[in-house]
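Heads up, the thing below is written out as structure tokens.
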Amino acid sequence: MASNDWRAALTAVAGDWSLDPPAIEALAIYLEQLGRWNRVHNLTAVRDPAQWIRRHILDSLTLRPYLHGDRVLDVGTGAGLPGFVLAATEREREFCLLDSAAKRIRFLRNVIGLARLSGVEAVHVRIEDFQPSAPYTTVLARAFKAPADMVSRVAPQVAEGGRVLAMLGQRSVVAEPLPAPWSYRSVDPVTIPGETAERHIAIIERADP
């Protein structure tokens, strides 16, 4: 699909998902580039572009109400999901998109430039080796299956008073306890029109002493 087609499709959902014209433009560029790059680099397992707005864009946007503070780290961002989508819509915040695969970071740096997004960077490094200048008020991830494992790995990057957001499928995955001093603030169900798979967002914070 061309960028004009993506603009039209995004405009159709803009009212329900609070997408302003700059966000629509950035996301249309992103989806067009994803289509081009995915033919060679296999950036998404969702092969049908007709599903990308629901399963990539809208899925990522379910995190918007839970973002906290002005510095956001997306760990294992892959093709920029959810980090790029949120950066396009939450332009007053700073975003760092982290991934260990060079091809994904090349794609993201390209599309960040084309979309002319400021306040967002794509970094090629493993989370265990990442040394930012300051910690992050929100750390999020879509790819981790076990929240306990995610928290153990990202904890050093979370600012005091910050939070971790884990995008989950079934709620049962939160049965495993989190490492101290972390606890679930809540585990909220989310719905996307046209999608029937179970989805949840876990909001994880340091427990009060």
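The values are calculated or read from the model by the stated rules, or taken from the named source; none is laboratory data. Because the structure is a prediction, the values reported are computed rather than measured. Note: ideal-geometry Cβ built from the backbone for every residue, glycine included; neighbour counts use all protein chains shown. Keep in mind that these areas ignore ligands, DNA and RNA; they rest on the heavy atoms of the full protein, side chains included. Shrake-Rupley method; radii C 1.70, N 1.55, O 1.52, S 1.80 Å.
Can you tell me which residue in the range 81-104 is most open to solvent (accessible area, probe 1.4 Å), limited to those that are in a helix (DSSP H, G or I) and more than 16 Å from Ile127 (Cβ to Cβ)?
Only one residue tops the list, namely Lys103.
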Conditions: (1) without any contact (Cβ under 8 Å) to a residue 24 or more places away in the chain; (2) under 18 Å from His56 (Cα atoms). Leu140 meets all but one. Number of the miss?
(1)
For Ala202, all conditions in the list (1) open to solvent by less than 30 Å² (accessible area, probe 1.4 Å); (2) closer than 21 Å to Asp59 by Cβ; (3) out of contact with any helix residue (DSSP H, G or I) (no Cβ under 6 Å at 6 or more places or on another chain); (4) in contact (Cβ under 8 Å) with a residue 40 or more places away in the chain hold save one; what is the number of the exception?
(3)
Can you tell me which residues in the range 37-75 are basic (Lys, Arg) and either surrounded by 14 or more Cβ atoms within 10 Å (Cβ to Cβ) or more than 19 Å from Phe107 (Cβ to Cβ) (or both)?
Arg54, Arg55, Arg64, Arg71
How many residues are out of contact with any strand residue (DSSP E or B) (no Cβ under 7 Å at 6 or more places or on another chain) and surrounded by 22 or more Cβ atoms within 10 Å (Cβ to Cβ) if we restrict to the range 105-124?
2
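Determine whether Ala28 is surrounded by 15 or more Cβ atoms within 10 Å (Cβ to Cβ), of a type in the set (Gly, Ala, Ser) and outside any loop (DSSP other than H, G, I, E, B).
yes
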What number of residues within the range 157-178 satisfy the criterion of being within 20 Å of Val75 (Cβ to Cβ) and exposed (fewer than 13 other Cβ atoms within 10 Å of the Cβ)?
4
Mind checking whether some residue in the range 134-147 is open to solvent by 70 Å² or more (accessible area, probe 1.4 Å) and modelled with pLDDT of 90 or more?
no
